[in-house]
Every structure is written in C-alpha cells, then in structure tokens.
1. Quick check on this structure: which one of 25, 31 is out of contact with any helix residue (DSSP H, G or I) (no Cβ under 7 Å at 6 or more places or on another chain), modelled with pLDDT of 95 or more and more than 30 Å from residue 64 (Cβ to Cβ)?
2. Within region 10-22, can you find the residues that are in contact with a helix residue (DSSP H, G or I) (Cβ under 9 Å, 6 or more places away or on another chain) and closer than 25 Å to residue 60 by Cα?
C-alpha cells in the first residue's frame, strides 16, 4: 500500500491515537524512509495499492489480490 508523501503527512497530522509523526524529527525520518525504503519495497512487491483511492476501491483490490492465483506484478 502506498500514498504520496503529502497524503501521509496529512493523515499523520489528523491522527489522534498515536503521537508518532507529530514532531519534526519524526517527519524527517518518515520522509527519509519514503525516499530510501519505499523504492526497495516496490522492487520486491507483487502488487501496489494506492491508498488515496476510495475505501471501496482499496477493499476491492485487496479482495482481487486474495482471489488471484497469480504471483505476477500488478498495479491495482
């Protein structure tokens, strides 16, 4: 699952159940992870779901992945 950095930061700002992501140091760590770790995750991933989609579309994509016997890469 992925989301653009600005969406990630917006979601963290609105989140009330966890303080992670509220400090400047947290946001710098997150931005660094997105820049350096996310590309590695994408290389190993068989699917990518953009979480800016509607909840229904995300859920449908997850169901499709769960039903698919294929192991190929797809972008839902």
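1. Answer to the selection: 25.
2. 12
The values are calculated or read from the model by the stated rules, or taken from the named source; none is laboratory data. The shown structure was predicted, so the numbers you read here are calculated from the model rather than taken from an experiment. Cβ: placed from backbone, ideal geometry, glycine included. Neighbour counts: every protein chain shown.
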